[in-house]
């Protein structure tokens, strides 16, 4: 893990902000992030089939545990591979 | 620390291998603990503590190997470094040590003080002294792209500010990391020595450059220099740093060939560090509070040292009341060469310089703008050989640059620009008006030994309503 020191005034959050929600998913890649709670995959499987039927490219991801925030490497992977991410929770 | 004798050594040290038989003697005579920095199997036949991580070496502040300590009740009571039989015998109370060895051999450098290692050990085992927020990067995240993505750069790549680099940078100053250096505009953020150090790392500075950067930040953030105005103006103003005194040579600044140009690390990175502090800490970014209409490349960095040894004049900072290592900050709007390859008398050269200086800002605007004239050595020689000092040249230029106010009035010479008629009416049309206010023309000396060209740095709005050239001492 590499760590840098923030050179700024630290008046804004260090994590980057969300992109605006797109008006359409045409031509975009959507990441489906399973937080690894029971039956979350059921919801995501259904979402995937609906999105693929609409011609959307879908990639699947999973957090190692629902009890912790997604690791920074996973967040980076999603950020560089997708324009949109849907994080799903089922219980 | 165990009581008894403690030895720190490494196999990769001829003196450490030399004393191997001595260690076997000591092991038979008392409590001996041996810490090896590079090979836990050295010395053979003795119990050795593996200190390849160098934590014990760091905690004991070992700078030379072998180091021999005597520890009583957990406290060090005696220490010797290298091999000196008499010292080892005195410390241990054991006589006849190493009878086949020479009396004395100096030790070697400890691995814990190798370049870059010491700072990393400080970071790992020392109390955390840094308070800047940490930013974690993903393994696949390019660190240079990460800096761009977070808006930390001026458009050029930056050196990633790791904790180890920032700690190393802080060794360049005696000031505490949490000391506030200045309140940085436009966001008026209190900026600590540590934050300046982080930005100095970004800029590519070496630790010895840091005191100059700290002085520059302090100067820029004074009410007089008015960094907020320099940023917010639509003119292409930016801070120009002129460094005087022994510090310039000590940190390898360039005052000679291409002094105002690229190629010298200290010149390039000190000016850049100031700009990055203004950008990152103060929030002064182009298109936001920085409203420069066109800007100019000196807004990346603008910093040089004065060639004092070759100058016909006293140092710029000294002429402004600060002797020794000091810097002068000037709000400059670009770089403007003056060509005169034919003048061999000071009178002729002064006339050429005056003709060019008249155009600063606009030929028909007087007192509004300051200027920094950087005399080249070949131009400076003309004044030196004629015995002109700074005051003499300034007086000559003032005479040449003073005209009746009526000649500068708006509309005169078919140019709408000029001094307001109401102002001229108030003074009287015949009143002589100098181009520069008193003290508004600064003269420095820099450049290579060939080239009959000097440089004018036109200023931004001068004085209390704009920016005052600001000279401050450079501390430690």
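The set of residues from the stretch B:327-344 being more than 14 Å from residue B:450 (Cα to Cα) and either surrounded by 20 or more Cβ atoms within 10 Å (Cβ to Cβ) or touching a helix residue (DSSP H, G or I) at 6+ places or on another chain (Cβ under 7 Å) (or both) comprises B:327, B:328, B:329, B:330, B:331, B:332, B:333, B:334, B:335, B:338, B:343, B:344. When the residues of the stretch A:43-71 are filtered to those that are within 14 Å of chain B (Cβ to nearest Cβ) and buried (at least 16 other Cβ atoms within 10 Å of the Cβ), the one that is farthest from the chain's Cα centre (by Cα) is A:71. Being in contact (Cβ under 8 Å) with a residue 24 or more places away in the chain, part of a loop (DSSP other than H, G, I, E, B) and crowded, with 17+ Cβ neighbours inside 10 Å is true of residue B:447.
Of the strands (runs of 3 or more DSSP E) contained entirely in the stretch B:1-85, those carrying at least 2 residues that are assigned by TED's automatic domain parsing to the domain that holds residue B:98 and surrounded by fewer than 20 Cβ atoms within 10 Å (Cβ to Cβ) fall at B:48-50, B:67-72, B:75-81. Looking across the stretch B:92-119, the residues that are surrounded by 18 or more Cβ atoms within 10 Å (Cβ to Cβ) and part of a loop (DSSP other than H, G, I, E, B) come down to B:97, B:98, B:107, B:110.
At least 1 residues being within 29 Å of residue B:166 (Cα to Cα) and modelled with pLDDT of 95 or more is the threshold, and among the strands (runs of 3 or more DSSP E) wholly inside chain A those reaching it are A:2-5. Every condition in (1) surrounded by 18 or more Cβ atoms within 10 Å (Cβ to Cβ); (2) within 18 Å of residue B:273 (Cβ to Cβ); (3) more than 11 Å from chain A (Cβ to nearest Cβ); (4) at pLDDT below 95 holds for residue B:171 except the one numbered (1). Scanning the stretch B:299-321 for residues that are over 18 Å from the mean Cα position of the chain (by Cα) and assigned to a loop (DSSP other than H, G, I, E, B) turns up B:308, B:309, B:310, B:311, B:312, B:313, B:314, B:315, B:320, B:321. Residues satisfying the criterion are present in the stretch B:200-209 (criterion: farther than 16 Å from residue B:298 by Cβ, crowded, with 24+ Cβ neighbours inside 10 Å and away from every other protein chain (no Cβ under 14 Å)).
Counting the residues of the stretch B:136-151 that are part of a helix (DSSP H, G or I), in contact (Cβ under 8 Å) with a residue 12 or more places away in the chain and more than 7 Å from chain A (Cβ to nearest Cβ) gives 3. Can you find a residue that is modelled with pLDDT under 90 and away from chain A (no Cβ under 14 Å) anywhere in the stretch B:101-115? Within the stretch B:101-115 (the criterion being modelled with pLDDT under 90 and away from chain A (no Cβ under 14 Å)), the answer is yes, since at least one residue qualifies.
The values are calculated or read from the model by the stated rules, or taken from the named source; none is laboratory data. All values reported here derive from a predicted model rather than from experimental measurement. Reconstructed Cβ throughout: ideal geometry from the backbone, glycine too, with neighbour counts over all protein chains shown.
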